[in-house]
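Please read the structure below before turning to the comments.
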Amino acid sequence: MSSVATGASTDPLAAAHTWLRSAAELPDAGLRSWTSRIGGVSIRFRCTDPELADLYRERLVGHDPQPREAPALRLDLLETERLGWAPPECAADCRGDPSDLAQRFAHAQLAALTPPLNGDCRYPWVFFEPATGRGVIVVRTGADLPAWVAGAPFALLLHLAFAWRGWRLMHAAALGSGTDGALLVGPGGSGKSGTTVAGISHGLVTTGDDYLLVAPGVTPVAWPVYRVLKQDPAGLARVGRDGLAGRAVNWNGKVELDLETEFPSRLSDRLALRLILLPTVAGGQRSQVRPATPTEAFSAVATSMLTQLPGARIAGFSFLTRLTRSLPAYHLRLSADPEEIAVTIRGLLGR
């Protein structure tokens with residue numbers, strides 16, 4: 001079995017090629033694998049940890065037990081301890097100058113996310129090769145993955161893979177009525193998840209409250225990626241879901257719910273984006289709406305997305321510039337009434 005060379009002189013670009021080649025040589029036997037369709041794209045996922053694989057399969061949308069086509073993307077989560085491979089190096093030991101390394105990866109036609117120089121050795125190494133559609137996440141063990149990964153499995157790798165297609169995985173939410181939708185953007189705590197829960201509790205649909213996929217076009221389209229909805233207990237209680245509010249919370253103090261189980265028929269397979277909303281929690285009896293400039297919309301989405309999903313920054317800035325210039329944007333000061341919030345958004349969508 002292939003193994004990755006290690007040592008202080010390890011070159012990340014050489015390691016990327018080795019890991020990608022080693023992943024391609026790994027047989028399915030001994031790995032847990034499945035196929036999902038995300039954004040209309042067939043993706044084959046594989047994990048060395050069977051328990052993580054089962055969890056991730058259930059949290060990603062579009063599980064396809066009998067695919068009719070060869071996968072366009074092959075994405076692996078590999079643990080070096082299980083495979084008997086040498087472990088990933090600490091970034092500080094081998095990365096070198098970050099800007100120089102980024103240029104070398106770009107010249108090699110590879111996308112990569114490497115641990116920060118002052119970061120933890122346990123942080124995953126993420127590589128994607130557009131020419132083959134193959135990507136890998138490499139960690140010593142699944143226990144080293146950041147806590148947030150459980151709610152958004154393969155997010156960093158999906159981000160790199162779809163960025164090469166000109167699409168974007170976005171840290172955002174979306175609500176819709178029928179096939180038309182609004183993109184909700186802003187930093188954590190701005191009200192994206194609360195607005196989503198309010199909307200789907202009163203007749204609207206969603207393609208996600210945390211991460212979603214956006215395809216460009218004359219009318220951009222939002223696609224779901226995850227079946228997971230995250231909301232704090234107080235937010236669930238506000239929409240009358242006290243039973244759900246009593247469940248265990250995750251690392252961020254939020255309850256994680258399966259959308260298709262807890263909110264049946266509320267997960268849309270896609271939404272045509274008609275506008276952008278910048279929500280803020282305000283309270284009061286009625287929500288307040290006022291226009292936002294493209295610059296304000298860009299700032300709200302870029303700050304959040306580029307922090308949560310690093311990599312492919314130049315393409316990301318270009319994508320967000322086009323998106324925020326093509327769609328009208330509004331500040332939405334949220335009332336304390338979930339049903340009124342849903343009515344307000346439905347009105348903005350002309351429904």
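We did not get these values from a lab; they are worked out from the coordinates using the rules stated. All figures in this text were calculated on a predicted structure; none of them were measured in a lab. Glycine gets a Cβ as well: all are built from the backbone with ideal geometry, and neighbour counts include every protein chain shown.
The table below lists the values:
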quantity: Separation in nanometres of the label points that stand 7 Å from Cα toward Cβ, at HIS17 and LEU306; calculated: 3.2 nm
quantity: Listed residues ASP337, ASP210, ASP76, most fluctuating in the chain (Gaussian network, C-alpha, under 10 Å); calculated: ASP337
quantity: The chain: relative contact order in percent, alpha carbon pairs under 8 Å with at least 6 residues between; calculated: 15 percent
quantity: For the chain, Kirkwood radius (reciprocal of mean inverse C-alpha pair distance, Å); calculated: 21.0 Å
quantity: Helix 98-107 vs. the chain, principal-axis angle (Cα, 0 to 90°, nearest 10); calculated: 80 degrees
quantity: Charged-residue dipole, Cβ positions (Lys, Arg, Asp, Glu), the chain about Cα centre, Debye nearest 20; calculated: 1040 debye
quantity: Beta bridge orientation in the stretch 12-165: antiparallel %, DSSP, nearest 5; calculated: 60 percent
quantity: Relative contact order, percent, the stretch 234-351 [alpha-carbon distance under 8 Å, six or more residues apart]; calculated: 34 percent
quantity: Inter-probe distance in nm under a simple model that places probes 7 Å from Cα toward Cβ, at ALA70 and ASN250; calculated: 3.5 nm
quantity: Relative contact order (%) - the stretch 12-165, alpha-carbon pairs under 8 angstrom, separation at least six; calculated: 23 percent
quantity: Translational D in µm²/s for the stretch 233-328 (Stokes-Einstein at 20 °C, 1.002 mPa s, Kirkwood Rh from C-alpha pairs); calculated: 129 µm²/s
quantity: Estimated FRET transfer efficiency (GLU51, ALA86; beta-carbon r; R0 25 Å; 0.05); calculated: 0.55
quantity: ALA29 versus SER326: modelled label distance in nm, points set 7 Å from Cα along the beta carbon direction; calculated: 4.8 nm
quantity: Positive-pole candidate from GLY142, GLY40, LEU160, dipole of the stretch 12-165, charges at beta carbon; calculated: GLY40
quantity: Additional length obtainable on full extension of the chain from GLU260 to ASP100, 0.36 nm per residue less Cα span; calculated: 53.1 nm
quantity: Nearest-ten-degree value, helix 338-348 long axis tilted from longest Cα axis of the chain; calculated: 90 degrees
quantity: Principal-axis tilt of helix 50-59 within the chain, Cα atoms, nearest 10 degrees; calculated: 30 degrees
quantity: Relative exposure of THR179, THR48, THR206, judged by other C-beta atoms within 10 Å (fewest first); calculated: THR179, THR48, THR206
